[in-house]
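A quick write-up on the structure given underneath.
The values are calculated or read from the model by the stated rules, or taken from the named source; none is laboratory data. Quantities reported herein were computed from a predicted structural model and do not represent experimental measurements. Quick note on the areas: whole protein, heavy atoms, side chains included, nothing else; ligands and nucleic acids left out. Shrake-Rupley method; radii C 1.70, N 1.55, O 1.52, S 1.80 Å.
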Amino acid sequence: MAEQTSQRQIVLDTETTGLSTADDHRIIEIGCVELINRKLTGNHFHVYINPERVVEQEAIEVHGITNDFLTDKPVFAQVVHDFIEFIKGSQLVIHNAPFDVGFMDAEFSRIRPNVGLTNDYCTVLDTLQLAREMRPGQKNNLDALCRAFGVDNSSRELHGALLDAEILADVYLMMTGGQTDLNLASHGKNNQDGSQKVEHQRVTNPPALKVLRATADEEALHEARLARVKEEGGRCLWQDS
């Protein structure tokens, strides 16, 4: 899938009551962070949702979001228009996109009058597919990618939509060739603060991206790798020119 860098991108994650929409499982948390021209803006969207059904115990053990906590939260129909306004016209960046998009489409389909589906508002980039193309035969879950690309996920004791979206934004930028200083308004806290409002904040002066220069040893390894590519019949176009 081609990467698009000159547009607004929304890195998104959800948490759910269970694994399958076929069993009428629902979204209980949405977390999004905004990238514009590959820079984190500090603008984010975060909401907990009352799923109007029981959260499975196996799911609670993954994300820690309990049925009692969700009792006084808004239902999806109460947040859907704010959510659509936030993602509209963007490219969604999602890890294992079919899972999240499937749940989003199921939620959209319950709204009357009909509000459409995800692809009516956004395009989608699946970072799991991208990682599999870059790292065939390797583990490519979010924790594995954090290790591979040197992203700190030490605060990730449980899954949480906003924290995972922040981590994925960092991983995505590293995977696709850019470093970032992840410094958002939420500070990556994965807690249940009881808020019933949609978080939607903007930081006006986000920090500049850090540029990490290769060391002499890294440059030597790079040159050795290029030499091996040539030995195996490959080409380095920029050197040939």
- Give the shape of region 55-154 as rounded, prolate or oblate, defined through the alpha-carbon gyration tensor: a ≥ b ≥ c are the square roots of its eigenvalues, a/c under 1.5 means rounded, and otherwise the shape is prolate if a/b is larger than b/c and oblate if not. oblate
- Accessible area, probe 1.4 Å, largest first, for residues Glu58, Glu34: Glu58, Glu34
- Accessible area in the full protein assembly, largest first, 1.4 Å probe, for Phe149, Phe69: Phe149, Phe69
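Could you rank Tyr48, Tyr121 by how accessible they are, 1.4 Å probe, largest area first? Spell out each step's value before the answer.
Numbers: Tyr48 15, Tyr121 45 Å².
Sorted by accessible area, descending: Tyr121, Tyr48.
Can you bin region 50-103 into rounded, prolate or oblate? Criterion: square roots of the alpha carbon gyration tensor eigenvalues sorted a ≥ b ≥ c, rounded for a/c under 1.5, prolate for a/b above b/c, oblate for the rest.
On the way: a/c = 2.85, a/b = 1.40, b/c = 2.04.
In terms of gyration-tensor shape, oblate.
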- Heavy atoms of Phe108: accessible area, 1.4 Å probe, square angstrom to 10: 0 Å²
- Pull up all non-local amide H partners of Asn96: gap of 5 or more, or a different chain, and H-to-H distance under 5 Å with H placed in the peptide plane. Thr127, Leu128, Gln129
- Task: Could you please state, rounded to a whole Å, how far the C-alpha centre of region 46-63 is from the C-alpha centre of region 108-123?
- Result: 22 Å
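Translational diffusion coefficient, Stokes-Einstein: compute it for region 1-133 using the Kirkwood radius over C-alpha pairs as Rh, at 20 °C and 1.002 mPa s, and state it as an integer in µm² s⁻¹. Walk me through the numbers on the way to the answer.
Working: Rh = 15.4 Å.
Approximately 139 µm²/s, per Stokes-Einstein.
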